[in-house]
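> My questions all concern the structure below.
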Amino acid sequence: MSPSPRAADAALGERLLYSRPMLDSAPDPVPDSAHVSAHAVLNLASLLKHDATLFEVSDEGLLLPEPELLEADGLRLGAPLAWALSVQNAGGDDDFILSGEVAGEVLMECRRCLSEVTVPSRSTLLYPMAYRPGRERLELLEREGEEDDLLVFGKPEVDFAELLTQLFAIDLPLTALCSEACRGLSPEGVNLNEHPEQAPAAPEPDKPSPFAALKDLEL
């Protein structure tokens, strides 16, 4: 009988801590010579052979998701996403653990002045996986009574592009600022960072009322 994904996760905790792929920092601008793909594929055929000497399959790359994925998640990327993934044998016949990261830059509007802002972001992932022959695509299934969702795949070559894109989008901040000192917009819609001279004049402080002293009198 295969151990449950949760039990396998606990047993592998220490090994995952030291072996999971990590991106050192948010990716630098991608050079023209770098290979960018619309897919993030790992071939798990070697793990599915149940070779006792093989524990892990890992890879990394640059992902530029298909336009329909970007549109579905409302993403405008400043550069391709950098990803690093590892799939490890969890000890059961068809049970595995996926760990990894995806990082990149997204273009958002400053919530004060509406100018375009480049926002770096990073997402980490850790999921139990199960091989279920016949399934056409990677699926994330909720499990009743379990805290963790289950990733199910049906073919040795697994494309994680959709999952990485969705997780990256989910972890983005809801709003962005071009800077903490952003002046925002004038009532006429002028960017006050570029034209501070059009900022409304500060209101003059209220003059003290000549009757203010009377408020403390007892009648």
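> For segment 70-151, build the charge dipole from Cβ charges (+1 Lys, Arg; -1 Asp, Glu) around the Cα centre, then report which of 87, 150, 115 sits farthest towards its positive end.
The Cα lying farthest towards the positive end belongs to 115.
> Could you calculate the contour length gain from residue 139 to residue 37, that is, 0.36 nm times the residue separation minus the distance between their Cα atoms, to one decimal place in nm?
Going from the current span to full extension adds 34.6 nm.
> Specify the inter-centroid distance of segment 122-166 and segment 33-90, based on alpha-carbon positions, in whole Å.
Computed from Cα coordinates, the inter-centre distance equals 12 Å.
> When a/c reaches 1.5 or more, the comparison of a/b and b/c decides; with that in mind, is segment 117-194 rounded, prolate or oblate per its Cα gyration tensor?
Prolate is the answer for segment 117-194, as a/c is 1.5 or above and a/b outweighs b/c.
Rule-based calculations on the coordinates, nothing more; no lab input. Since the structure is predicted, the reported quantities are computational estimates derived from the model, not experimental observations. Every residue, glycine among them, receives a Cβ derived from its backbone with ideal geometry; neighbour counts consider all protein chains shown.
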